[in-house]
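**Q** Before I ask anything, let me first share the structure, which is written out below as structure tokens.
The values are calculated or read from the model by the stated rules, or taken from the named source; none is laboratory data. Everything numeric in this text was worked out from a predicted model, so none of it was measured. Please note: Cβ atoms are built from the backbone with ideal geometry, for glycine as well, and neighbour counts cover all protein chains shown. The protein model used for the area step is the full one, side chains on, heavy atoms only, and it has no ligands, DNA or RNA in it. Shrake-Rupley method; radii C 1.70, N 1.55, O 1.52, S 1.80 Å.
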Amino acid sequence: MDPLSGRRHFVDRLAPGWLVVQFLGTGMLVVALLTANEDTLWIWGLYAASMLSWVLFMALHPWHPRTAAALLAVSALLPTLAVGEAEDTTAVIMLCVLLGRFTSLTSPSGRTIAAVTSAALACTWISCTLADRPLGDALGYPLLILVLTLLGLNRRQQQLRTDQAEQLLHNTLLMQQEQARAAALAERTRIAREMHDVLAHSLGALTVQLKVAAALIEKGDSQGALARVLRSNRLADEGLAEARNAVAALRGDVPSLPDALRLLVEAHDSHHPGEVGLSLSGEPRRLSPTAAVCLVQSAREALTNAAKHAPGERVEVGLHYADGHVRLTVDNVTSSPTSQSPDHVPGYGLTGIRERLALVAGTLTTERARGGARWVLAAEVPE
């Protein structure tokens, strides 16, 4: 017996409804036996064996339903042997009570119930025929058995529906637990990815710069070492900012995308020459923290590249809310890579940004516009 079935039978044993059914059945059997007008010893033996099987059924049903059902079937069939020879209707009453209870059980199969019912009908008819019972008894008793069988089957169907509902609830709870476990694993994976992206890149690049600085100091190149230290400081600042953004995304408390872009533009203006214009279009709406951070990181990388390749030139940042997606564009003047700032080390890079956008089904495109004079970066997320 599966755990759910065992738990259900244990609850049934303690449930008031189960106790009422058993009490009423036992009471009817006891009253029938106490009022019996029977002198034949072997019939009393059948009654005693039937009651013993009934008592064993009540004791075993919550724990071993199949064994208990077999005992109840025996208990119901024994009185059929005495229906024709009995002096009163005690055997019929016992048969009706026991068979009605048997057909209401859910543990026996439908074929088993049909077989036991057919055997009860056959034994009742044969017993009445051999005892030369009137035709009304020979036909009336089986008809009564059929009616009670139908009533028991109706209760059985109700119980089966209840069992199916319990099983469905059990399966639903298991599914919810699996979904919660999968969500927890996905969240752990996301946290690991965010921490790896930030710490592995920032700390790795910082370690390289510090090792180079130490080597330059050993060679006596103080100016080169100072440049490397300044680069290390820049890397530390960028890594700290990226770590804060990652933690904010994990906590889900990042600011709205327009506000985050305004803060980024202000910070860029305060550290770099040249102006940065920010334009918004469409109806602003709240994005998921991961998607918002991806777009902010894209804008940060584009501004960093603009400062590296075209310092002092104006940069245009645009954010467009459309149906089904949000698009970020960064447009700046292109120039020779030789204009790179000597103390700058890039952060994630376009490859890292493209990979992060792919995790939210987003895309990153870059192209030269206006005859190659402008460089346009476009990041888009489906939201």
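**Q** Of everything in the range 250-270 that's open to solvent by 40 Å² or more (accessible area, probe 1.4 Å) and modelled with pLDDT of 70 or more, which residue is farthest from Leu319 (Cα to Cα)?
**A** This residue is Ser270.
**Q** Got a number for residues in the range 151-174 being open to solvent by 100 Å² or more (accessible area, probe 1.4 Å) and without any contact (Cβ under 8 Å) to a residue 24 or more places away in the chain?
**A** Matching residues across the range 151-174 total 4.
**Q** Can Leu4 be described as out of contact with any strand residue (DSSP E or B) (no Cβ under 6 Å at 6 or more places or on another chain), loosely packed, with under 11 Cβ neighbours inside 10 Å and modelled with pLDDT under 85?
**A** no
**Q** While we're here: Would you please list the contacts, defined by Cβ atoms under 9 Å and residues six or more apart or on different chains, that run from a residue in the range 50-67 that is in a helix (DSSP H, G or I) to a residue that is of a type in the set (Lys, Arg)?
**A** From residues that are in a helix (DSSP H, G or I), the pairs are Trp54/Arg101; Phe57/Arg101.
**Q** Report yes if some residue within the range 242-249 is at negative phi, at pLDDT 85 or above and open to solvent by 70 Å² or more (accessible area, probe 1.4 Å); otherwise report no.
**A** Among the residues of the range 242-249, not one is at negative phi, at pLDDT 85 or above and open to solvent by 70 Å² or more (accessible area, probe 1.4 Å), which makes the answer no.
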